[in-house]
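Student: Dropping a structure here in structure tokens format, bear with me for questions.
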Amino acid sequence: MELSAIRLLVADDMQAVNDHILTRLRSEVVLINQLGSYIVGGGGKRLRPLMALLSARACGYEGDGHIGLASIVELIHTATLLHDDVVDDSKLRRNRETANAIWGNEAAVLVGDFLYTRAFEMMVELGSMHVMGILAQATNTIAEGEVLQLLNCNDPDTTEERYMDVIHSKTAKLFEAATRIGAVLAGMAPEHEQALAAYGMHAGTAFQLIDDVLDYRADAEVMGKNVGDDLAEGKPTLPLIYAMRVGDEGEREVIREAIEQGGLDHIDAVLKAIESTSALAYTESVARAEAEQARKQLAVLPESPYKDALAALTRVAVERDA
């Protein structure tokens, strides 16, 4: 099942999510409207709200409460993007200038705060302490993941275990929350809720690992950012960690220096080391294993096109080129 077919299953729901987000973004402060509309309207895969919608439908939910939940998930994600781009001093996302490049860091951070707080307002309106607990914990864990990543930056001694902790906290946690709240909304048993949460965690991990691969494989036209951006920021992602682990002394030294210094002065040598150690193939194999673990969690669900779509999304996550 292609991504277009998956989206078609919940096309009306997704349109309702987009409309709901734009409605809830409205503010009397003009800059919030401008910046918020710019980043929300900037495209993107919308995988997290898509997974929330599919999870609810796969669990048999027939109401419209999942529209608000999926909207909240996307607002939280968008807020993290605004803050990420400021921390990383990014100038390009999805082939467009970042909000901080246009309006400045101060505006980007403050509008990111607005998106967080608006999302929490919407959580309160739902009236479910269980859902609020899941989303509040996820938001807190994402913040922890951001700090963990900051601590790992320019540290060539970052281990695979430490890096996976960052992925689980910074990226996969919101996937986990998105799919878990779908089960909660449908009133599923605790074991079903936990299975959908595990699905989201594994799927989100696979997605991020492939992002790590694409950082050294895709070009700016395809990926929406430049090759080696993570290296330029001194981020020791899994391909670098693995290449250092299995490479020879010269390869280890050039990667170590590149991570410590940041920038792209050593990009050619680093790319050569990544290729000679099959670091991208290794990272892809870890991603495929995570995707397989995600699919196994779906065994608790009854057969339906929505269940099939959730399974297909794990394949889309690891087979994509952007």
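Student: State which residue is nearest to residue 38 (Cα to Cα) when the search covers only the range 89-102 and only residues that are crowded, with 18+ Cβ neighbours inside 10 Å and not hydroxyl-bearing (Ser, Thr, Tyr).
Tutor: The first filter runs over the range 89-102 and keeps only residues crowded, with 18+ Cβ neighbours inside 10 Å, leaving 90, 93, 98-100.
Cutting the leftovers down to not hydroxyl-bearing (Ser, Thr, Tyr) gives us 93, 99-100.
Working: 93: 12, 99: 8, 100: 11 Å.
Among residues in the range 89-102 that are crowded, with 18+ Cβ neighbours inside 10 Å and not hydroxyl-bearing (Ser, Thr, Tyr), the one nearest to residue 38 (Cα to Cα) is 99.
Student: How do the helices (runs of 4 or more DSSP H) wholly within the range 210-266 filter down when requiring 3 or more residues that are modelled with pLDDT of 95 or more: which remain?
Tutor: 238-246, 249-261
Student: Still on this structure, I have one more. When only residues in the range 261-287 that are surrounded by 14 or more Cβ atoms within 10 Å (Cβ to Cβ) and of a type in the set (Ser, Thr, Tyr) count, which is farthest from residue 319 (Cα to Cα)?
Tutor: Filtering the range 261-287 for residues that are surrounded by 14 or more Cβ atoms within 10 Å (Cβ to Cβ) and of a type in the set (Ser, Thr, Tyr), the one farthest from residue 319 (Cα to Cα) comes out as 277.
Student: When you scan the range 66-76, do you find a residue that is more than 24 Å from residue 183 (Cα to Cα) and in contact (Cβ under 8 Å) with a residue 12 or more places away in the chain, even just one?
Tutor: To start, the set of residues in the range 66-76 that are more than 24 Å from residue 183 (Cα to Cα) comprises none.
No, the range 66-76 contains no residue that is more than 24 Å from residue 183 (Cα to Cα) and in contact (Cβ under 8 Å) with a residue 12 or more places away in the chain.
Student: Here are some residues: 127, 133. Which one is modelled with pLDDT of 95 or more and out of contact with any helix residue (DSSP H, G or I) (no Cβ under 9 Å at 6 or more places or on another chain)? Walk me through how you get there before you give the answer.
Tutor: On the way: 127 fails: modelled with pLDDT of 95 or more.
Of 127, 133, the one residue that is modelled with pLDDT of 95 or more and out of contact with any helix residue (DSSP H, G or I) (no Cβ under 9 Å at 6 or more places or on another chain) is 133.
Student: Oh, and also: Can we say residue 308 is at pLDDT below 95, on the phi < 0 side of the Ramachandran plot and assigned to a helix (DSSP H, G or I)?
Tutor: Working: at pLDDT below 95: no; on the phi < 0 side of the Ramachandran plot: yes; assigned to a helix (DSSP H, G or I): yes.
No.
Student: Among the residues of the range 110-148 satisfying the criterion of being part of a helix (DSSP H, G or I) and of a type in the set (S, T, N, Q), which is nearest to residue 21 (Cα to Cα)? Reasoning before the result, please.
Tutor: Initial filter on the range 110-148 (part of a helix (DSSP H, G or I)): 110-126, 129-148.
Remaining after also requiring of a type in the set (S, T, N, Q): 117, 137, 139-141.
Details: 117: 14, 137: 22, 139: 18, 140: 22, 141: 23 Å.
Checking each candidate, the answer is 117.
Student: Among all residue pairs at least 6 apart or on different chains, which show Cβ distances below 7 Å where the first residue, located in the range 276-288, is in contact (Cβ under 8 Å) with a residue 60 or more places away in the chain and the second is not hydrophobic (A, V, I, L, M, F, W, C)?
Tutor: 280/216; 280/217; 280/239; 283/212; 283/239; 283/242
Student: Name the residues in the range 77-92 that are aliphatic (A, V, I, L, M) and without any contact (Cβ under 8 Å) to a residue 40 or more places away in the chain, would you?
Tutor: Within the range 77-92, the subset aliphatic (A, V, I, L, M) is 79, 81-82, 86-87, 92.
The answer is 86, and nothing else.
Student: Looking for whichever is at pLDDT below 95 and closer than 17 Å to residue 117 by Cβ here; the options are 47, 25, 3, 92. Which one fits? Quick ask: steps written out before the conclusion?
Tutor: On the way: 47 fails: closer than 17 Å to residue 117 by Cβ; 3 fails: closer than 17 Å to residue 117 by Cβ; 92 fails: closer than 17 Å to residue 117 by Cβ.
The conditions single out 25.
The values are calculated or read from the model by the stated rules, or taken from the named source; none is laboratory data. All figures in this text were calculated on a predicted structure; none of them were measured in a lab. A quick note on method: Cβ atoms are made from the backbone with ideal geometry, for glycine too, and the neighbour counts reach across all protein chains shown.
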